[in-house]
Amino acid sequence: MKIYPKRVSGTFRNLKWLVMIVTLGVYYVTPWLRWDRGATAPDQAVLLDLPHRRFYFFFIEIWPQEVYYLTGLLILAALLLFLFTSLFGRVWCGYACPQTVWTDLFIWVERLVQGDRNKRMKLDKSPWTATKIAKKSLTHFIWLVLSVATGGAWVFYFADAPSLMTGLLTGEAPLAAYLAIAGLTFTTYSLGGLMREQVCTYMCPWPRIQGAMFDADTFLVSYKPDRGEPRGPHKKGESWVGRGDCIDCQACVAVCPVGIDIRNGPQLECIQCALCIDACNEIMDKIDRPRGLIDYETLAMPDARAKGEKPKIRLVRGRTIIYSLSILLTAAVMGYGLLTRGDLEMSVLRDRNPLFVPLSDGSVRNGYTIKILNKAHETRNFSIELSGIEGLALSRPNAVDRPDRVMVGPDDVQSVRLYVTAPADIVRSPVLANGEKAINIAIRDMESGAVASRNTVFRGPQSRSQGRR
């Protein structure tokens, strides 16, 4: 059965408007913000650069090797969600979830074109006339425009927004961009315009998970039966003695975007949007009764009132302390990592086959591949240094002059092939008696002096005496 949410005004409805404006503003505007990173780096403030495998977020640049930062952000977001859920229930679902935000926007368009609840219900029951076709067509046209804008805004996060916009308008953008916009247009139009509350009830797993995070002190949108019952119609001038404040007007049901009756207690479908609070408060004002018949309260509060005790608010409790400490710890670890990370990294991979190559003069050669990550936005010159065994010689294929020097471009990764050779006297000495010796390969920025190094192993033939043991 189709649900026709009625328009309502009040504190929580205004809060939802504010959240909608802020979240949609952030979503649509962010790709157009600029951030100067130098001549060799993109100047888009937030950019997921897939071709170059970078994620830029204002002054932060995340490389593929630092994906743990993104993992940390996801953990931090999850912990924040757990904390707010344990405190205020499904407050995310009711205000900031993209499904809620776009559904609210689509309902606002529908109401703007077709009218409020009663007019929309009447329009749907009426025969198909030119007026009905015009209103329905205009509604769906605006929905499609908003859906295209949603998909278009999303692809701008993956490429330079001004350039991609020009390409989209001239038909020169990559096919992937058009396919992504088409897919997001379809999902936004379907989920926000057609399916609406069914997504929250049947498709989203969160309602089934969040129940485990509620306890007796979690604030939930609740009806107060101890004050509202027995319910029933009330005429002006009649006494309120022996009856509750609920006049059974169904206003709370009419405004509910998922079509439930909050008076039936906590329900899976409820997204805690609190519009029923605004609707009920309007009615209470009209009949000159105190506000708050429907309000945010905990499951423990009715029991406290029944005992004649003052209801207590317990925001600080075991689970909220654990979530808060986990959030602080995660944020501290990520912050420390970001503040202390350098702009130079390297990795070393030693050849496995063959383990070593004996040369005609009695020396032994090992092969290594090092990768140098230059995270700076400028070209850098590095020297390669070896330590751990005296007399090691360094060579590189096709590098006759200064094989221990390498240049890496700005914001780039360079793979370098190295040959490390131990002279014959070292091979015959006790240094390599057991067939291997730890060495260190380091790279040093010749201008700034910054160093990155990795330990590895140099292998050679095992001595016969060592082998007999």
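Counting only C-alpha contacts under 8 Å and six or more residues apart, can you give the relative contact order of region 344-459 as a whole percent?
33 percent
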| message | To test your reading of the geometry: what angle, between 0 and 90 degrees and rounded to tens, separates the Cα axis of helix 275-286 from the longest principal axis of the chain? | response | 30 degrees
| message | Exposed loop sites here are GluC sites (Glu not before Pro) in DSSP loop states with at most 16 other C-beta atoms within 10 Å. What is the longest stretch of the chain lacking them? | response | 1-171
| field | Between helix 67-88 and the chain: long-axis angle, C-alpha atoms, 0 to 90°, nearest 10 | value | 20 degrees
| request: For the chain, just say rounded, prolate or oblate: build the C-alpha gyration tensor, square-root its eigenvalues into a ≥ b ≥ c, call rounded for a/c under 1.5, and beyond that prolate if a/b exceeds b/c, oblate if not. | output: prolate
| message | Going by Cα centres, region 306-379 and region 386-415 are how many Å apart? | response | 27 Å
| Taking all protein chains as present, what is the carbon and sulfur share of the accessible area of region 11-208, in % to the nearest whole number, probe 1.4 Å? | 75 percent
| field | Sequence-separation-based contact order of region 11-208, relative, with Cα cut under 8 Å and 6+ spacing, percent | value | 21 percent
| query | What percentage of the solvent-accessible surface of region 344-459, computed with a 1.4 Å probe over protein heavy atoms, is contributed by carbon and sulfur atoms? | reply | 47 percent
| query | Accessible area per residue of region 188-276 at 1.4 Å probe, in Å²? | reply | 47 Å²
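Computed FRET efficiency, Cβ-Cβ of Ala96 and Val457, R0 56 Å: what is it to the nearest 0.05?
It comes to 0.60.
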| task | Give the relative contact order (percent, whole number) for the chain; include only Cα pairs under 8 Å separated by 6+ residues. | result | 14 percent
| field | Degrees, to the nearest 10: 175-188 long Cα axis against longest axis of the chain | value | 30 degrees
| note | By the Cα gyration tensor axes a ≥ b ≥ c (a/c under 1.5 gives rounded; else a/b larger than b/c gives prolate, otherwise oblate), the shape of region 11-208 is oblate
| note | For region 1-68, listing chymotrypsin sites (Phe, Trp or Tyr not before Pro) in a DSSP loop whose Cβ sees at most 14 other Cβ atoms within 10 Å gives Phe58, Phe59
| task | Express the accessible area of region 344-459 per residue in Å², computed with a 1.4 Å probe while the remaining protein chains stay in the model. | result | 52 Å²
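Kindly provide the helix-only [θ] at 222 nm of the chain, computed as the sum of -39,500 (n - 2.57) over DSSP H runs of four or more divided by all residues, to the nearest 500 deg cm²/dmol?
-12000 deg cm²/dmol
Going by accessible area, probe 1.4 Å, with all protein chains left in place, what is the ranking of Arg34, Arg341, largest first? Walk me through the numbers before you get to the answer.
Details: Arg34 95, Arg341 70 Å².
I get Arg34, Arg341, largest accessible area first.
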| request: Sketch the reach of a paramagnetic label on Ser347 as a point 7 Å from Cα along Cα-to-Cβ, and name the residues of region 51-80 whose backbone nitrogen lies under 12 Å away. | output: 64-67
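The values are calculated or read from the model by the stated rules, or taken from the named source; none is laboratory data. This is a predicted model, so every value here is computed, not measured. Counting neighbours? That spans all protein chains shown, and the Cβs are built from the backbone with ideal geometry, glycine included. For the accessible areas, the whole protein counts, side chains as well, though only heavy atoms, and no ligand, DNA or RNA atoms are used. Shrake-Rupley method; radii C 1.70, N 1.55, O 1.52, S 1.80 Å.
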